[in-house]
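Have a look at the structure below, then the notes.
The values are calculated or read from the model by the stated rules, or taken from the named source; none is laboratory data. Only a predicted model underlies this, so the values are computations on that prediction, with no experimental measurement involved. We place every Cβ from the backbone using ideal geometry, glycine too, and count neighbours over all the protein chains shown. For the accessible areas, the whole protein counts, side chains as well, though only heavy atoms, and no ligand, DNA or RNA atoms are used. Shrake-Rupley method; radii C 1.70, N 1.55, O 1.52, S 1.80 Å.
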Amino acid sequence: MDKPFAITLDPGSSLANHTGSWRTFRPLYVDRLPPCNAACPAGENIQSWLYHAESGDYEKAWRALTENNPLPAIMGRVCYHPCEGACNRQHVDAAVGINAVERFLGDEAIRRGWRFESSAAATGKRVLVIGSGPAGLSAAYHLTRMGHQAVIHEAAPLAGGMMRYGIPKYRLPRDVLDAEIRRLVEFGVELRLQSKVMNVLAAMQEGFDAVFLGVGAHIAKRAYIPAGDASKIIDAISVLHDMEGAQGDELRPMLGRRVVVYGGGNTAIDVARTAKRLGAEEAVIVYRRTREKMPAHDFEVEEALQEGISIKWLSTIKEAGEDDIMVEKMALDASGFPQPTGEYERIPADSVVLALGQDADLGLLANVPGLATDKGLVQVDAGMMTGHPGVFAGGDMAGNERTVTVAVGHGKRAARAIDAWLKGETYVSPPKHELATFERMNPWYYSDAPKTVRPVLDIIRRQSTFEEVLGGLDEGNALFEARRCMSCGNCFECDNCYGVCPDNAVIKLGPGKRFLFNFDYCKGCGMCATECPCGAIKMVPEEN
Amino acid sequence: MSFQPVKFYQTGTFTVGNRLLPPEERSVQSQEKRYNSINSGHRACQGCGEALGARYAIDAAMEATNGRLICANATGCLEVFSTPYPETSWQLPWIHSLFGNTAAVATGIAAAIKVKKLKGERRNIRVVAQGGDGGTTDIGFGCLSGMFERNDDVLYICYDNGGYMNTGIQRSSATPPAARTATTMAVGPEPGNVFGQGKFVPAIAMAHEIPYVATATVADLRDLEAKVRRAMEFQGARYIHILVPCPLGWGTASNETIRIARLAKETGMFPVFEAEYGEVKSVVAIRHPLPVEEYLKPQKRYAHLFGKTPQVEVIAKLQALADRNIKKYGLLDGGAR
Ligand SMILES: Cc1cc2nc3c(=O)[nH]c(=O)nc-3n(C[C@H](O)[C@H](O)[C@H](O)COP(=O)(O)OP(=O)(O)OC[C@H]3O[C@@H](n4cnc5c(N)ncnc54)[C@H](O)[C@@H]3O)c2cc1C
Ligand SMILES: Cc1ncc(C[n+]2csc(CCOP(=O)(O)OP(=O)(O)O)c2C)c(N)n1
Ligand code: SF4
Ligand SMILES: [Mg+2]
């Protein structure tokens with residue numbers, strides 16, 4: 001009791017006063033599902049790889065990306081990026097250029113020679129993968145990551161499926177495709193080219209424990225068009241197929257000066273743009289419905305129009321002659337279906353290219369017990385398994401949403417299910433977090449940063465060469481673009497909760513470790529939740 | 001701008017911290033081991049802007065002085081909720097003065113330090129005085145003006161919550177027009193606080209031509225910290241006036257404190273600027289201009305303006321005050337003068 005003059009009490013600290021007892025609501029840190037991730041058919045964790053890209057650690061970003069998708073340089077070019085359509089940043093200024101950053105990472109990986117690594121021990125299991133399109137490549141990649149031996153049988157002389165024999169070079173340069181396939185082979189995927197599988201069950205007998213089918217849909221649909229002997233009617237798939245490996249002019253498909261393309265999908269657009277590049281003076285797309293109803297993406301239609309392709313909407317081809325075709329005008333009825341009007345028009349045409357969709361060639365599946373098809377599609381369960389145990393399928397042959405991204409997603413999903421099946425288990429996907437909606441965020445905190453515009457090839461070269469149309473980002477603007485990500489629904493350690501608490505009731509655990517609430521002193525004011533930029537804190541009522 | 005804001009680092013300098021900033025550019029409040037000059041366990045209401053503003057300001061001053069700081073504190077919420085004898089939340093030498101004499105007490109401490117220095121004290125110890133708007137703009141005003149006029153080496157910080165909150169929300173000369181308080185009730189022909197009275201002490205402080213005067217809000221931490229740091233670079237009298245919403249007195253939800261402070265600045269109701277030797281040096285620009293209703297509506301102290309028949313004329317008069325601030329300080333273009 002040795003106290004200074006006039007002091008009778010020990011100095012007391014307010015820490016003795018546990019103000020946490022005032023609380024009626026308590027804050028909780030949560031993780032929510034970012035809308036981009038939720039929208040990605042390949043199941044990429046976009047937010048997590050953008051997070052690493054934001055700090056300039058591109059290799060870590062690429063590794064996080066390739067946990068789900070082994071083809072980022074391809075995907076960064078051909079994916080229709082539904083993630084950007086869902087991105088919350090569109091409510092602030094414009095969606096994050098996710099696709100552009102993905103391409104940057106993919107190209108960076110090729111440039112720097114990054115390779116896949118896997119720590120999984122070999123299981124000794126062998127899985128037959130039929131088809132080397134994105135579905136097959138993705139399945140083989142994920143199986144390899146899990147320690148299984150994946151063996152791809154591919155009918156064509158080169159791997160890639162529609163990425164090689166469909167998507168034109170001006171959208172997907174082949175050195176990019178080759179580099180990403182080569183990396184998969186170096187990773188341990190066995191690739192057997194010109195090895196068409198005629199019968200699945202027979203092929204499986206050759207020492208395989210399971211099979212994944214990714215044969216795509218390559219048979220062009222035809223339409224009945226009365227035509228004279230001299231008329232030239234070909235299908236888009238074979239035109240695009242013939243483009244591959246066509247080095248000299250003499251090997252290129254002969255389409256003539258005036259080319260009419262029939263159809264309204266992306267394939268129609270691609271073949272018309274290809275015809276233009278092959279020297280056609282006129283490339284006209286004839287489609288029976290309106291622009292709004294066109295399955296082709298708007299930006300592709302736009303790019304085609306820029307290149308001088310014209311489009312006749314609400315028209316069908318009635319007959320084809322030697323150097324022209326007859327077109328009938330259509331009109332939409334009350335329910336939005338095109339109906340013939342009886343009004344005709346002739347337009348000059350040296351050839352007609354049909355781009356009316358494709359069917360899958362399921363010949364190899366004859367007599368597989370239990371395997372069911374519906375309208376030409378193989379029926380699969382949630383884990384992509386067909387009705388025949390051990391036979392899985394994905395990609396264009398198993399669904400109507402036919403994109404590279406969906407195929408990659410199918411491949412991954414199937415690989416997980418195959419892995420479980422090989423162990424005698426069933427794969428159960430982990431529960432999903434609640435969606436990180438924009439209303440839960442506090443956008444004040446994000447810097448004003450408009451979207452970066454990608455460079456576009458000049459129009460002359462776009463009309464005459466197969467050079468890539470859309471340019472990539474350089475490091476500076478890739479970093480900028482990545483940093484536009486708002487980390488919706490998941491803590492990115494901005495320290496706001498830690499800073500704004502009037503009661504110092506948030507404990508900062510240090511980089512990468514996030515935060516904790518100190519419930520001895522948290523009064524439950526809710527400021528942290530309101531000021532959390534990304535909506536990663538929620539207030540819940542106290543029990544009593 | 002009181003500091004160079006960082007652009008495009010996802011959240012730039014808007015958030016408290018930012019992992020993309022180099023450590024030396026990070027805020028005091030983001031540090032894992034910060035001073036926490038006012039400790040947990042204080043009895044301020046849930047979401048009290050004053051408790052928050054005081055930690056922001058005093059921590060920044062502690063950082064700027066390496067912890068060599070003495071604080072004099074006027075009576076008011078800040079003193080009552082932090083130091084009910086024998087407990088205290090303060091983590092620095094701290095003295096409770098009377099309601100009206102904090103500036104004078106701080107002057108005395110500064111004088112004592114001066115003498116000690118003459119007698120060989122080598123440490124550079126600085127003095128901060130703090131009080132509410134009542135203690136500053138009303139009863140303590142004489143002492144404050146004297147401290148300014150003598151240019152005593154004190155940083156005086158006023159936490160403006162627009163009224164005598166600690167004694168039950170009475171009007172002060174910083175209570176804004178039309179606001180309801182216990183002594184300016186929402187009754188009669190002109191409900192709430194009258195127009196044409198009160199004062200804006202930052203302008204009066206500038207008239208003393210002291211080295212440094214600034215305003216800030218709890219909604220902009222980086223600006224507030226930069227201003228405290230800047231203030232500590234001067235010798236002589238300095239004044240910082242911080243807008244600190246009071247959930248109890250303003251009738252706002254406890255989680256809204258920062259948002260309300262932000263709205264005060266964004267609508268132009270509270271100009272944020274800094275001045276040296278009587279001249280405005282920088283202004284924090286409005287980022288997303290908003291009508292004053294956005295600020296008024298969430299506050300119950302203005303509820304009488306938004307009844308069955310909204311008081312459009314009164315709202316227009318408040319808008320005119322905001323517009324005047326916007327024009328006077330150049331709040332839309334950041335004072336590009
Ligand atoms: C012109 C065109 C442009 C397109 N553009 C885009 C685009 O920009 N973005 C996008 O996301 N999608 C695009 N698509 C769609 C996309 O290419 C397909 O959805 C995707 O390639 C389907 O992948 P898959 O693995 O299921 O099949 P595919 O890519 O078709 O691959 C199937 C593979 O299996 C092989 N195969 C078939 N049968 C056998 C057998 N019996 N034995 C061995 N091998 C066999 C084939 O040779 C082929 O290599 C486009 C399609 C076309 C036609
Ligand atoms: C001379 C004197 N008169 C009245 C009081 C009662 N009193 C204590 S705090 C206070 C009001 C404080 O208002 P303000 O300074 O604005 O601080 P706030 O509580 O609002 O933070 C009053 C009137 C007092 N302590 N001393
Ligand atoms: S009355 Fe107002 S100033 Fe006082 S402690 Fe409560 S919120 Fe803070
Ligand atoms: Mg007050």
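Residues that are in contact with a His (Cβ under 7 Å, 6 or more places away or on another chain) and within 16 Å of ligand 3 (Cβ to nearest atom) within segment B:256-277 are absent altogether.
Here is a check on your reading of the model: is A:Arg112 of a type in the set (D, E, K, R) and open to solvent by less than 10 Å² (accessible area, probe 1.4 Å)? Against the criterion (of a type in the set (D, E, K, R) and open to solvent by less than 10 Å² (accessible area, probe 1.4 Å)), A:Arg112 does not qualify. The set of residues from segment A:481-527 being modelled with pLDDT under 95, in contact with a helix residue (DSSP H, G or I) (Cβ under 9 Å, 6 or more places away or on another chain) and either more than 9 Å from chain B (Cβ to nearest Cβ) or open to solvent by 20 Å² or more (accessible area, probe 1.4 Å) (or both) comprises A:Glu481, A:Arg483. The conditions of being within 16 Å of ligand 4 (Cβ to nearest atom) and either open to solvent by less than 60 Å² (accessible area, probe 1.4 Å) or free of Cβ contacts under 8 Å to residues at least 24 places away in the same chain (or both) are met by B:Asn161. The set of residues in segment B:270-284 being part of a loop (DSSP other than H, G, I, E, B) and buried (at least 18 other Cβ atoms within 10 Å of the Cβ) consists of B:Phe270, B:Pro271, B:Val272, B:Val284. Of the numbered criteria (1) within 14 Å of another protein chain (Cβ to nearest Cβ); (2) touching a Cys at 6+ places or on another chain (Cβ under 8 Å); (3) hydroxyl-bearing (Ser, Thr, Tyr), the one B:Thr137 fails is (1). When the helices (runs of 4 or more DSSP H) confined to segment A:17-89 are screened for residues that are of a type in the set (D, E, K, R), those reaching at least 1 such residues are found at A:46-54, A:58-65, A:72-78, A:82-86.
Residue check: B:Ile169 meets all listed conditions (1) within 20 Å of the chain's Cα centre (by Cα); (2) more than 16 Å from ligand 3 (Cβ to nearest atom) but one, namely (2).
Here A:Gly20 passes the criteria (1) under 30 Å from A:Gly133 (Cβ atoms); (2) crowded, with 16+ Cβ neighbours inside 10 Å except the one numbered (1). Are there any pairs with C-beta distances below 8 angstrom linking a residue in segment A:150-167 that is open to solvent by 10 Å² or more (accessible area, probe 1.4 Å) to a residue that is assigned to a strand (DSSP E or B) and more than 16 Å from ligand 4 (Cβ to nearest atom), with the two at least 6 apart or on different chains, and if so which? These pairs meet every condition: A:His153/A:Leu128; A:His153/A:Val129; A:His153/A:Ile130; A:His153/A:Arg192; A:Glu154/A:Leu191; A:Glu154/A:Arg192. When we screen A:Pro27, A:Pro35 for residues that are touching a residue at least 60 places away in the same chain (Cβ under 8 Å), closer than 30 Å to A:Ile167 by Cα, buried (at least 16 other Cβ atoms within 10 Å of the Cβ) and in contact with a strand residue (DSSP E or B) (Cβ under 8 Å, 6 or more places away or on another chain), the only hit is A:Pro35. The strands (runs of 3 or more DSSP E) found wholly in segment A:168-270 and carrying at least 2 residues that are touching a Phe, Trp or Tyr at 6+ places or on another chain (Cβ under 7 Å) occupy A:210-213. For the structure I just gave you, tell me whether A:Ala478 is within 12 Å of chain B (Cβ to nearest Cβ), among the aliphatic types (A, V, I, L, M) and touching a helix residue (DSSP H, G or I) at 6+ places or on another chain (Cβ under 8 Å). Here the answer is no, as A:Ala478 does not meet what is asked. Of everything listed in (1) more than 16 Å from ligand 4 (Cβ to nearest atom); (2) under 25 Å from B:Arg43 (Cα atoms), the single unmet condition for B:Trp250 is (1). Quick one: would you say B:Ala178 is away from ligand 4 (no atom under 16 Å from the Cβ), more than 14 Å from chain A (Cβ to nearest Cβ), surrounded by 21 or more Cβ atoms within 10 Å (Cβ to Cβ) and under 18 Å from B:Met269 (Cα atoms)? Against the criterion (away from ligand 4 (no atom under 16 Å from the Cβ), more than 14 Å from chain A (Cβ to nearest Cβ), surrounded by 21 or more Cβ atoms within 10 Å (Cβ to Cβ) and under 18 Å from B:Met269 (Cα atoms)), B:Ala178 qualifies. Can you spot a residue in segment A:525-532 that is touching a residue at least 12 places away in the same chain (Cβ under 8 Å), within 20 Å of B:Tyr35 (Cα to Cα) and not assigned by TED's automatic domain parsing to the domain that holds A:Arg89? Yes, that holds for at least one residue.
Among the residues of segment A:352-384, those identified as over 22 Å from the mean Cα position of the chain (by Cα), among the small types (Gly, Ala, Ser) and surrounded by fewer than 20 Cβ atoms within 10 Å (Cβ to Cβ) are A:Gly363, A:Ala366, A:Gly370, A:Ala372, A:Gly376. In the condition set (1) among the hydroxyl-bearing types (Ser, Thr, Tyr); (2) under 17 Å from the mean Cα position of the chain (by Cα); (3) within 16 Å of ligand 4 (Cβ to nearest atom); (4) surrounded by 24 or more Cβ atoms within 10 Å (Cβ to Cβ), B:Ser82 is compliant with all but (2). Annotation: B:Thr65 fulfils all but one of (1) hydroxyl-bearing (Ser, Thr, Tyr); (2) open to solvent by less than 20 Å² (accessible area, probe 1.4 Å); (3) over 30 Å from A:Ala478 (Cα atoms); (4) at the interface with another protein chain (Cβ under 9 Å from one of its Cβ atoms); the unmet one is (4). Those residues that are open to solvent by 10 Å² or more (accessible area, probe 1.4 Å) and of a type in the set (Ser, Thr, Tyr), I need them from segment A:387-429; list them, please. Listed by number, the residues that qualify are A:Thr403, A:Thr426, A:Tyr427, A:Ser429. In segment B:286-337, the residue that is nearest to B:Met1 (Cα to Cα) out of those that are assigned to a loop (DSSP other than H, G, I, E, B) and open to solvent by less than 30 Å² (accessible area, probe 1.4 Å) is B:Gly334. Looking across segment B:35-49, just one residue is open to solvent by 20 Å² or more (accessible area, probe 1.4 Å), facing chain A (nearest Cβ under 7 Å) and closer than 9 Å to B:Ser254 by Cα, and that is B:Gln46.
Taking the listed residues B:Glu294, B:Glu313, the one that is free of Cβ contacts under 8 Å to residues at least 60 places away in the same chain and farther than 25 Å from A:Trp444 by Cβ is B:Glu313, with no other qualifying.
So which residues in segment A:310-331 are under 13 Å from A:Tyr287 (Cα atoms), touching a residue at least 24 places away in the same chain (Cβ under 8 Å) and either among the small types (Gly, Ala, Ser) or touching a strand residue (DSSP E or B) at 6+ places or on another chain (Cβ under 7 Å) (or both)? Across segment A:310-331, the qualifying residues are A:Ser310, A:Ile311, A:Lys312, A:Leu314, A:Ser315, A:Thr316, A:Ile317, A:Lys318, A:Val327, A:Met330.
If you check B:Gly142 against the conditions, is it buried (at least 24 other Cβ atoms within 10 Å of the Cβ), more than 14 Å from chain A (Cβ to nearest Cβ) and more than 16 Å from ligand 1 (Cβ to nearest atom)? When the stated conditions are applied, B:Gly142 does not pass them. Within segment B:239-255, restricting attention to residues that are in a helix (DSSP H, G or I) and within 12 Å of ligand 3 (Cβ to nearest atom), the residue that is nearest to the other protein chains (Cβ to nearest Cβ) is B:Ser254.
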